Structures are given as C-alpha cells and as structure tokens.
Amino acid sequence: MIGRRLAGPAVGLTAGLLLAVTPFASKYAQEGRSYALVTAGVVIATALLLRAWERPTPRRWAGYAAAVLLVGLLHLFALLVLAAHGAAVLTARGPAARRVRRGWVASAASAALCAAPLALFSATQSAQVDWLPPVTGKTPLALLTDFAGPTGTVTAVVLVLAALGLALPVRRPGGPVALRALALPWLVVPPALLMTASLATPLYYDRYVLYSLPGLVLLAAAGLDTAARAAGRLAVGLSRSVRVPGPAAATAAVALLGVGLAGGVLTLEAHRQRIERTSRARVDDFRAAADALRLGARPGDGVVFVPAARRPVEDVYPDAFRGTVDVLRSETPAASGTLSGRQVPVRRIQGLLLGYARVWLLDGLGRHTAVQAPEQEVLRVLHTRYREAGRTAVRGFRVQLWVRR
C-alpha cells in the first residue's frame, strides 16, 4: 500500500513480494517473539502517517500516534522509527507543510510520552541485554547482508536495485512525498541511532531493527521498476532501428530475460527459505539437548546448567528430565517470577554437587555469554572431583556426563 501510494502499483506489488521472500523476515515471522509483529505495526504506522500527511486531520494524527505507541509497547527500540518519520516530514513542501509538521510533532510527542513509563521501568532491567556484543565496523555491513541476503549474488542484486531507486527519484503524481525521502530514513536512521548508542553501552542486535527492512525493499522495488521501464524503452528503440516485427517482440524478449533473472534470485531465496524452516537455522536446539539427556540419564542422576539461563530447556521438555534432579535450582520459575527460576548461592554448589555420583552438565556457553562466578564454581568442582564419562554435541549445547572420582 505504501509503495502504491508513493510510486504506483508495480512498486507496491514488488515491494510486498520482496518482503515476503526475504529469509530474514521469514525467520522472525516463525517466532513467538515480537519482532514480526513490531514490523507489521511500523508498516501500519507509516501508512497512517501518509494518510495524515495527505489530509492532516486530528483523527488521522491520533490514529498514527496510537499505532506508534503500540509498536513502542511491543518493543521500545521501535520508537526510533519516529526519527525516520521526522526526517521524512522535514521534506514536506507546499501550503500544508507547516500543518503536517505540527501534526507530526504533536503525535510523536504524545506517543513518546505515553511510552515513557515503560522506558523508565525498562532502564532497571538492563541486565537482560548484558550479553549483547559490541558494535564494530563490520556491524552495518552485516545488517545489510541480513536484509538483502542470503547469498552474495542476491545481496548484490538487491543493493544495486536499491541504489538505483535511491539515485532516480520516484514519485507518483499526487503522492505526499517522494519514495526515497521516506524509504531511506526508514532503512538507515533507526539502525544508525541504535548502533551509535551501542558505542557507549551495547544495545544493538539485528533483529531489534527488523522493522527497517521495508525501507530497503521499497527502494529495491523502485529501482526494479525504473530499470524495467528503461529496458522497455530501450527495447522499443532497438526494435525500430533493426526493423524487427514490431516493438512488442523486443519488449517480450526483455520481459523473458527479466523473468529468468528473477527466477534465479527466487531460487536462491527459496533454498534459504527451506533452511529457515528447520532447526539448522537456529543457534541452539533445545529438543536435541533434551533428547541426548533422555537417552543416557538414570533415575537419581543430577543435572546442572551452565549458564543457569539455559535451564528453560528443562521446563520446555520436562519428560526428558523425569527422574533426574536439578541440583542447583532453589526456586521454580513460577515461585520466583522469573524465566528460569533461582539458583542456590555459590557457597553451596560444591556440597550439593558432591551428593551425586553422576552429574549431567548441559553446557550452553555461547560466544556472547559471560562466565560468572556460579558457572566457574560448577566447572571447577566437576573438573577436580569428577571425570568426564560421555559427551554429546548438539547445536548450542554440549551434553556431558560426569562421574565422581
């Protein structure tokens, strides 16, 4: 709808199809987390912004503010889209430009003010993101690859088309704004702001800015539309110069070539789409870890998790842990009001572990996981008082059996 309003039906349809076949979008469309819903909300908010831009009435601005507030409540970092919308609104021209800016400022301020209590409370929960890696010089390129990938060929094609859509202004007569004036800030501003903030305190992760992906597909769709029109004009000109049987034949040849290229790109996308629907696309495999324990555990065996945040595998697949004892858990998630429950103090770890002749270690230490004092103590006791008697490696876990010396 946004592409159609700003650049015509072909751009709108192409942008929608590009978003649908992008593996990065499909990945999070499958998850229970909020990122796909946030992206949908941002797209709706942007469409409502254009409606209010075309006819700035209090009711339309209120709808826009409500949509922005909704996405902010789903994920606070989604409020960064306000900066992208503000950058687009600054390009407003004509007699209604001042009215549009005033309406946008009032709506954006209202949404941000309503979300402020959640933001203040979330500031007390910073430990939830202390695992985030620092931003480096490779981070922006990695995000572009996520958005435009999955392969180098597909990435190159999408980025070339986006550059073409950026270089050649596309604007539908009567549209409120040029497509690139909206799509470019949408793509660039939220990730840039979050990456910049992460230079002081790591806050950035690619899925947090999934909602900026529509900016890229709009630019790529505009570039493809521009290229197709240019190719059509060139084909007509060539057909006339070489006197082929009418320009329709040359146009059809170009169309077939375009279909062939598109088919190749979609084939590469389809391969990645199939992978995204398997466990191979995930950084960890809870079910495989649970199955490895199920195959070897005996009644009365102890189980420990490193780090403790990996304990939810026990709550998701409790049948695999039936008969075993979670040695270090002191409170269940329900009793403690947490995702993984609470663990005993470090000083009690050795005494509790030594009460078990066989201990299963589900080691899920990843590259972004810091080793804290409890994990250090568990590993120390196992390496000094036990011997390793078996190991199974699955995605994201090492399931190890340790037998007391």
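The values are calculated or read from the model by the stated rules, or taken from the named source; none is laboratory data. Everything numeric in this text was worked out from a predicted model, so none of it was measured. Backbone-built Cβ (ideal geometry, glycine too); neighbour counts: all protein chains shown. Ligands, DNA and RNA are excluded from the accessible area calculation, which covers all protein heavy atoms including side chains. Shrake-Rupley method; radii C 1.70, N 1.55, O 1.52, S 1.80 Å.
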### Query
What is the helix-to-structure angle for 9-21, meaning the angle in degrees between its Cα long axis and the longest Cα principal axis of the chain, kept from 0 to 90 and rounded to the nearest 10?
20 degrees
#### Entry: Residue-level accessible surface for I2, protein heavy atoms, 1.4 Å, Å²
10 Å²
#### Entry: Relative contact order (%) - criterion: Cα under 8 Å, at least six apart; region: the chain
15 percent
### Task
Amide H neighbours of D301 under 5 Å, at least 5 residues apart or on other chains, H built in the peptide plane: list them.
V325
#### Entry: From the coordinates shown, percent of Cα pairs over 38 Å apart corresponds to which of (i) 38; (ii) 27; (iii) 45
(i)
### Message
Just to be sure I understand: of the beta bridges DSSP finds with both ends in the chain, what percent are antiparallel, rounded to 5?
### Response
70 percent
### Query
Looking only at region 296-330, which residues have a backbone nitrogen under 13 Å from a spot 7 Å from the Cα of A357 in the C-beta direction?
298-302
#### Entry: Ranking by accessible area, most exposed first, for V399, V157 with a 1.4 Å probe
V157, V399
### Task
Calculate, in nm to one decimal, what R101 and A373 gain on full extension: separation in residues at 0.36 nm each, minus their alpha carbon distance.
92.6 nm
### Query
Can you give the % of DSSP beta bridges in region 271-403 that are antiparallel, to the nearest 5?
70 percent
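Quantify, in whole percent, the carbon and sulfur part of the accessible surface of region 130-172 (1.4 Å probe; protein heavy atoms only).
Exposed carbon and sulfur together represent 71 percent of the surface.
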### Query
For the residue pair R322 and A62, what label-to-label distance in nm results when each label sits 7 Å from Cα along the Cα-to-beta-carbon direction?
5.6 nm
### Most to least accessible of L199, L48, L193 (protein chains only, probe 1.4 Å)
L199, L193, L48
### Task
Leaving ligands, DNA and RNA out of it, report the carbon-plus-sulfur percent of the accessible area of region 59-101 at a 1.4 Å probe.
65 percent
### Query
Put +1 on the Cβ of each Lys and Arg and -1 on the Cβ of each Asp and Glu in the chain; which of I349, I275, A127 then has its Cα farthest toward the positive end of the dipole?
I275
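Based solely on its DSSP helices, what 222 nm [θ] is calculated for the chain when runs of n ≥ 4 H residues each add -39,500 (n - 2.57) and the sum is averaged over all residues, nearest 500 deg cm²/dmol?
Dividing the helical sum by the residues of the chain leaves -19500 deg cm²/dmol.
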### Task
Would you kindly find the accessible area of R282, with a 1.4 Å probe and non-protein molecules such as ligands, DNA and RNA excluded, rounding to the nearest 10 Å²?
60 Å²
### Task
Could you rank M1, M195 by how accessible they are, 1.4 Å probe, largest area first?
M1, M195
